[in-house]
Amino acid sequence: MLHLEFAVAPHEVNSLHHLSLLEARMGFEKGALLSRFPNGWFRQVSENLRQKNCSSKIDRTTEKLRQIKNCKLVGLQREYSGEDWAQAAQNSHTDSPFHRVIEKSLNGPPHLIPSIEDLEDSDFVFVSQYQRSAQALARAAKALLNGAEKVTMFDPYLCPTKTSCLTTLIECMNLCRKAEVEFHIFSEEDGKPDWQTRRDSLSAFQHKIPENIRLFWYSVDDHGSGFLHSRGLFTSKGGLIYDRGFEEPRDLTQRDEVTDVTPMPIGYLTEKARVFNTAQQYERFTMVQMYVHQEL
């Protein structure tokens, strides 16, 4: 996945300073995330901070920790097995590598680091180029899709008559772990087969949609403004910009070629979330057709 996963032992987060360092470095928009390892990570860090900080700082640390939980923490269903956190983290790291593991007893650079304060700029360099296979394009967004309840994808060239588009869509859906997830797809009306043909393709596609997914497909028209040229994916947590879109090339050699996938800056994400807000009237384009698959 694009986002770097940092495992930080709960007992290593000891102060407001540590929280500030994590807040400055982590975020979906920065390509770096804290691992919810174990599942009770937030509770354990909160208790550790309460024990080690004076009462006058508790409110500030609690608020900053809550912001980190909401915007910078990711849970990827890792198994927690070991006599203590360090051993459990190393076991999990062996099975599926973290980007960095931080705990005071560890000292095996670059992956194993003893302290939050030892992190350097070089530890936050993320990969921004991915092969164009459907699986690679989807896995770039794994951290976003894993905990999403609503996913919005926009790409003017997405078309339900193209298996190359639907293959990537299915790969993305299969990475979603919530019990109910909405997928909202925006594509351009211009240059597509007639709507009945597209609708028939979507109806035939229904049996491939995972049971936890509800699909909304919108065909829209920007009246030649060029607004729909951009391509990307976002959730309530963050987003990614896909330079060449989501279509998997038919040519196998082209699938091996790379494309840029980069985190959405906060301002860009905010604007896209506002424009592609299905709860309000669209202002940058006109809705032409809509298909809804509601079976859960």
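The values are calculated or read from the model by the stated rules, or taken from the named source; none is laboratory data. On a predicted model such as this, the values are computed, not experimentally measured, just so you know. In this analysis, Cβ positions are derived from the backbone assuming ideal geometry, glycine residues included, and neighbour counts consider all displayed protein chains. For the accessible areas, the whole protein counts, side chains as well, though only heavy atoms, and no ligand, DNA or RNA atoms are used. Shrake-Rupley method; radii C 1.70, N 1.55, O 1.52, S 1.80 Å.
As a length-normalised measure over Cα pairs under 8 Å and 6 or more apart, the relative contact order of segment 1-117 settles at 34 percent. Solvent-accessible surface (1.4 Å probe) assigned to V13 amounts to roughly 0 Å².
The order of the peptides 86-92, 16-22, 63-69 by mean Cβ neighbours within 10 Å, most packed first, is 86-92, 16-22, 63-69. In the chain, the longest principal axis of the Cα atoms and the axis of helix 195-205 are about 50 degrees apart.
For the chain, the longest principal axis of the C-alpha atoms and the axis of helix 266-275 are separated by about 40°. Site pair E180 and R66 shows an inter-label distance of 2.6 nm when each label is modelled 7 Å from Cα along Cα→Cβ. I'd like to know how segment 1-83 sits against the 2.2 N^0.38 Å rule of thumb: what's its Cα Rg over that expected value? Normalised Rg, Cα atoms only: 1.07. The charge dipole of segment 168-296, taken about the Cα centre with unit charges on the Cβ atoms of Lys, Arg (+1) and Asp, Glu (-1), comes to about 400 debye, rounded to the nearest 20.
Normalised by residue number, the volume inside the convex hull of the Cα atoms of segment 181-277 is 143 Å³ per residue. Between the alpha-carbon centres of segment 225-296 and segment 146-207 there is a gap of 11 Å. Share of pairwise Cα-Cα distances greater than 19 Å in segment 116-200 is 51 percent (whole percent).
Cα-based values for segment 225-296, radius of gyration first and Dmax second, are 15.0, 42 Å.
Which FRET efficiency value, to the nearest 0.05, is calculated for R214 and D190 with the Förster distance at 35 angstrom and r the Cβ-Cβ distance?
Working: r = 27 Å, r/R0 = 0.76.
It comes to 0.85.
With a 1.4 Å probe and all protein chains kept in place, how do M153, M1 rank by accessible area, largest first? Please list the in-between numbers first.
Values: M153 5, M1 60 Å².
Per-residue accessible area, sorted high to low, gives M1, M153.
Computed from label points 7 Å out along Cα-Cβ, the spacing between I58 and F227 is 5.0 nm.
Using a 1.4 Å probe and counting only protein heavy atoms, arrange T94, T161, T259 so the residue with the most accessible area comes first. Spell out each step's value before the answer.
Numbers: T94 115, T161 55, T259 5 Å².
So, going from the largest accessible area down, we get T94, T161, T259.
Kirkwood radius, the chain, all distinct C-alpha pairs, inverse of mean reciprocal distance: 20.7 Å.
Dipole magnitude for the chain: about 680 debye, using +1 per Lys or Arg Cβ and -1 per Asp or Glu Cβ, origin at the Cα centre. Only protein heavy atoms count here; under a 1.4 Å probe, S96 has an accessible surface of about 50 Å².
I'd like the GluC sites (Glu not before Pro) in segment 259-296 restricted to DSSP loop residues with at most 14 other Cβ atoms within 10 Å, sorted by number.
Working: sites: E271, E283, E295; in loops: E283, E295.
Sites meeting the loop and neighbour criteria: E283, E295.
The length gained on full extension between Q289 and H111, counted as 0.36 nm times the residue separation minus their Cα-Cα distance, comes to 59.1 nm.
With each label modelled as a point 7 angstrom along the Cα→C-beta vector, the D260-L16 pair spans 4.0 nm.
Per residue of the chain, what 222 nm ellipticity follows from adding -39500 (n - 2.57) for every DSSP H run with n ≥ 4, rounded to the nearest 500? Present the calculation step by step, with values, prior to reporting the outcome.
Working: 10 runs with 98 residues, N = 296.
Calculated from helices alone, the mean residue ellipticity at 222 nm is -9500 deg cm²/dmol.
Pairs of alpha-carbon atoms within less than 8 angstrom and 6+ residues apart define the contacts here; what relative contact order does the chain have, in percent? Present the calculation step by step, with values, prior to reporting the outcome.
Details: 544 pairs, mean separation 57.4, N = 296.
Rounded, it is 19 percent for the chain.
Quote the relative contact order of segment 117-185 in percent (integer), defining contacts as alpha-carbon pairs under 8 Å separated by 6+ residues.
Numbers: 62 pairs, mean separation 28.5, N = 69.
The normalised contact order for segment 117-185 reaches 41 percent.
Please work out the Cα center distance from segment 1-58 to segment 70-139, rounded to the nearest Å. Measuring centre to centre over Cα atoms gives 14 Å. Remark: segment 246-296 carries a charge dipole of roughly 320 debye about the Cα centre, counting +1 on each Lys and Arg Cβ and -1 on each Asp and Glu Cβ.
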